[in-house]
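Novice: Got a structure here, written out as structure tokens. Questions coming.
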Amino acid sequence: MLNIGCHLSVSKGFSHIAKEAVSINANTFQFFTRNPQGGKAKDWDITDIENYKKTAAEHHFAPIVAHAPYTLNPCSDNPQTREFAQMVFAQDLSKLSLIPDAYYNFHPGSHVGQGTQQGINMIVDLLNNVLKPEFPNMVLLETMSGKGSEIGKTFAELSEIISGVKLKEKLGVCMDTCHIFAAGYDIVHNLDNVLADFDKIIGLTKLKAVHLNDSLMPFASHKDRHAKIGEGEIGAKALTEFVNNPYIKNLPIILETPNEIDGYAREIQFLRSSTI
Ligand code: FE
Ligand code: FE
Ligand code: ZN
């Protein structure tokens with residue numbers, strides 16, 4: 001059985017979200033640790049988390065994914081923005097330790113003209129400052145489309161970040177299908193080669209989660225526009241083959257398609273029934 005879910009709002013709490021996930025036949029989900037634009041995060045309610053854990057255990061949930069706010073940019077050219085990123089990251093990791101098997105996914109950052117190398121160095125600095133041996137959660141670098149000055153558009157860039165980090169055992173990668181397709185990895189015609197490449201450069205053991213999205217924009221366009229499954233340039237066939245690939249099918253698979261809850265329910269149903 002695939003481990004599949006979607007991005008959901010956690011505003012009503014974790015036990016609510018878990019029941020919502022179960023109601024659409026999901027056994028994982030993703031949520032923002034705080035308002036995606038950043039800002040102050042509410043404290044989590046311990047009882048709510050305990051109730052969530054009961055539902056998750058009962059329904060055999062795969063690890064869930066906490067997503068850092070989009071505004072978090074470890075390689076901004078503004079030192080205050082970098083400091084803010086570090087503060088948010090550290091706070092989120094400390095809260096997430098209540099759900100030790102959850103992944104913490106973040107966009108590596110945009111170097112805003114400082115150059116890829118400088119950007120990578122700053123991301124490495126942030127990770128070396130905030131990762132602590134006592135934090136149980138694994139941190140995931142998301143593969144990016146390469147729009148603007150985004151870092152993480154190639155496996156080599158992600159590998160360079162990982163190799164600069166001392167506690168690299170705490171790092172993994174979340175592969176976003178829309179992003180890698182837009183970045184120029186041909187998962188439609190050459191999935192095996194793309195995964196072989198990933199294995200050679202990063203190592204498939206580092207692949208921990210998937211964002212499953214179709215892409216409104218063409219191959220190698222370096223544009224980041226998610227489409228519903230089967231309504232984009234990747235297509236339903238390639239995405240079905242993707243989720244059923246032996247290296248993918250046991251990972252938590254998160255839909256970030258432009259849907260309301262009923263649309264997510266249909267996509268989950270479609271993907272589950274497509275299991276080969
Ligand atoms: Fe993301
Ligand atoms: Fe994503
Ligand atoms: Zn995206």
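This table checks each residue for (1) hydrophobic (A, V, I, L, M, F, W, C); (2) over 20 Å from the mean Cα position of the chain (by Cα); (3) over 12 Å from Ala90 (Cβ atoms).
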{"residue": "Thr116", "(1), (2), (3)": "no, yes, yes"}
{"residue": "Ile120", "(1), (2), (3)": "yes, no, yes"}
{"residue": "Val124", "(1), (2), (3)": "yes, no, yes"}
{"residue": "Asn129", "(1), (2), (3)": "no, yes, no"}
{"residue": "Pro136", "(1), (2), (3)": "no, no, yes"}
{"residue": "Thr143", "(1), (2), (3)": "no, no, yes"}
{"residue": "Glu150", "(1), (2), (3)": "no, no, yes"}
{"residue": "Lys153", "(1), (2), (3)": "no, no, yes"}
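Novice: Consider Thr143 against the criteria (1) out of contact with any helix residue (DSSP H, G or I) (no Cβ under 6 Å at 6 or more places or on another chain); (2) open to solvent by less than 30 Å² (accessible area, probe 1.4 Å); (3) farther than 21 Å from Trp44 by Cα: it satisfies all of them except one. Which criterion is unmet?
Specialist: Going through the list (1) out of contact with any helix residue (DSSP H, G or I) (no Cβ under 6 Å at 6 or more places or on another chain); (2) open to solvent by less than 30 Å² (accessible area, probe 1.4 Å); (3) farther than 21 Å from Trp44 by Cα, Thr143 breaks only (1).
Novice: Here is a follow-up. Taking only pairs six or more apart or across chains, which ones have beta-carbon atoms under 9 Å, a first residue in region 117-130 that is surrounded by fewer than 16 Cβ atoms within 10 Å (Cβ to Cβ), and a second residue that is in a helix (DSSP H, G or I) and among the polar types (S, T, N, Q)?
Specialist: Close Cβ pairs satisfying both conditions: Asn129/Gln86.
Novice: Hey, another quick one. If you check Ala41 against the conditions, is it at pLDDT below 95, in contact with an Asp or Glu (Cβ under 9 Å, 6 or more places away or on another chain) and on the phi < 0 side of the Ramachandran plot?
Specialist: Values: at pLDDT below 95: yes; in contact with an Asp or Glu (Cβ under 9 Å, 6 or more places away or on another chain): yes; on the phi < 0 side of the Ramachandran plot: yes.
Yes; evaluated as a whole, the condition is true for this residue.
Novice: Any idea which residue in region 230-264 is nearest to Glu20 (Cα to Cα), counting only those that are without any contact (Cβ under 8 Å) to a residue 12 or more places away in the chain and assigned to a loop (DSSP other than H, G, I, E, B)?
Specialist: Among them, the one singled out is Glu260.
Novice: Still on this model: Over 29 Å from Ile161 (Cβ atoms), touching a residue at least 12 places away in the same chain (Cβ under 8 Å) and over 19 Å from the mean Cα position of the chain (by Cα): is that true of Glu267 in this structure?
Specialist: Numbers: over 29 Å from Ile161 (Cβ atoms): yes; touching a residue at least 12 places away in the same chain (Cβ under 8 Å): yes; over 19 Å from the mean Cα position of the chain (by Cα): no.
No.
Novice: Okay, next question. Check Tyr264 against each of (1) within 18 Å of Ile187 (Cβ to Cβ); (2) away from ligand 1 (no atom under 16 Å from the Cβ); (3) crowded, with 17+ Cβ neighbours inside 10 Å and name the one condition it does not meet.
Specialist: Going through (1) within 18 Å of Ile187 (Cβ to Cβ); (2) away from ligand 1 (no atom under 16 Å from the Cβ); (3) crowded, with 17+ Cβ neighbours inside 10 Å one by one, Tyr264 breaks only (1).
Novice: List the number of the failed condition for Leu239; all other conditions in (1) surrounded by 18 or more Cβ atoms within 10 Å (Cβ to Cβ); (2) within 16 Å of ligand 3 (Cβ to nearest atom); (3) within 16 Å of the chain's Cα centre (by Cα) hold.
Specialist: If we test Leu239 against (1) surrounded by 18 or more Cβ atoms within 10 Å (Cβ to Cβ); (2) within 16 Å of ligand 3 (Cβ to nearest atom); (3) within 16 Å of the chain's Cα centre (by Cα), just (3) comes out false.
Novice: Of the residues His179, His222, only one is within 16 Å of ligand 1 (Cβ to nearest atom) and open to solvent by 20 Å² or more (accessible area, probe 1.4 Å); which? Steps first, answer last, please.
Specialist: Details: His179 fails: open to solvent by 20 Å² or more (accessible area, probe 1.4 Å).
Of His179, His222, the one residue that is within 16 Å of ligand 1 (Cβ to nearest atom) and open to solvent by 20 Å² or more (accessible area, probe 1.4 Å) is His222.
Novice: Right, something else. Working only within region 214-228, note down all residues that are touching a residue at least 40 places away in the same chain (Cβ under 8 Å) and more than 14 Å from Ala183 (Cα to Cα).
Specialist: Result: Ala227, single match.
Novice: Being within 16 Å of ligand 2 (Cβ to nearest atom) and farther than 23 Å from Ala102 by Cα is true for just one of His222, His211, His179, His189. Which residue is that?
Specialist: Working: His211 fails: farther than 23 Å from Ala102 by Cα; His179 fails: farther than 23 Å from Ala102 by Cα; His189 fails: within 16 Å of ligand 2 (Cβ to nearest atom).
Within the list His222, His211, His179, His189, the selection yields His222.
Novice: Now, a different point. Just to be sure I understand the filter: pairs with C-beta atoms under 7 Å, separated by 6 or more residues or on different chains, first member in region 62-90 and more than 23 Å from Leu251 (Cα to Cα), second member in a strand (DSSP E or B) and of a type in the set (A, V, I, L, M, F, W, C). Which pairs pass?
Specialist: Leu72/Phe106; Cys75/Ile151
Novice: A further question follows. Out of the residues in region 171-201 meeting the condition of being touching a strand residue (DSSP E or B) at 6+ places or on another chain (Cβ under 6 Å) and more than 16 Å from ligand 3 (Cβ to nearest atom), tell me which one is farthest from Gly263 (Cα to Cα).
Specialist: Our first condition is that a residue be touching a strand residue (DSSP E or B) at 6+ places or on another chain (Cβ under 6 Å); within region 171-201, this holds for 171-178, 181-182.
From what's left, more than 16 Å from ligand 3 (Cβ to nearest atom): 171-172.
Working: Leu171: 32, Gly172: 29 Å.
Here the residue is Leu171.
Novice: Please find, among Glu160, Glu150, Glu169, the residue that is touching a residue at least 12 places away in the same chain (Cβ under 8 Å) and either in contact with a Pro (Cβ under 7 Å, 6 or more places away or on another chain) or open to solvent by 40 Å² or more (accessible area, probe 1.4 Å) (or both).
Specialist: Details: Glu150 fails: either in contact with a Pro (Cβ under 7 Å, 6 or more places away or on another chain) or open to solvent by 40 Å² or more (accessible area, probe 1.4 Å) (or both); Glu169 fails: touching a residue at least 12 places away in the same chain (Cβ under 8 Å).
Answer to the selection: Glu160.
The values are calculated or read from the model by the stated rules, or taken from the named source; none is laboratory data. These figures come from a predicted structure and were not determined experimentally. Cβ atoms come from the backbone with ideal geometry, glycine included; neighbour counts cover every protein chain shown. The accessibility values were calculated without ligands, DNA or RNA, using every heavy atom of the protein model including side chains. Shrake-Rupley method; radii C 1.70, N 1.55, O 1.52, S 1.80 Å.
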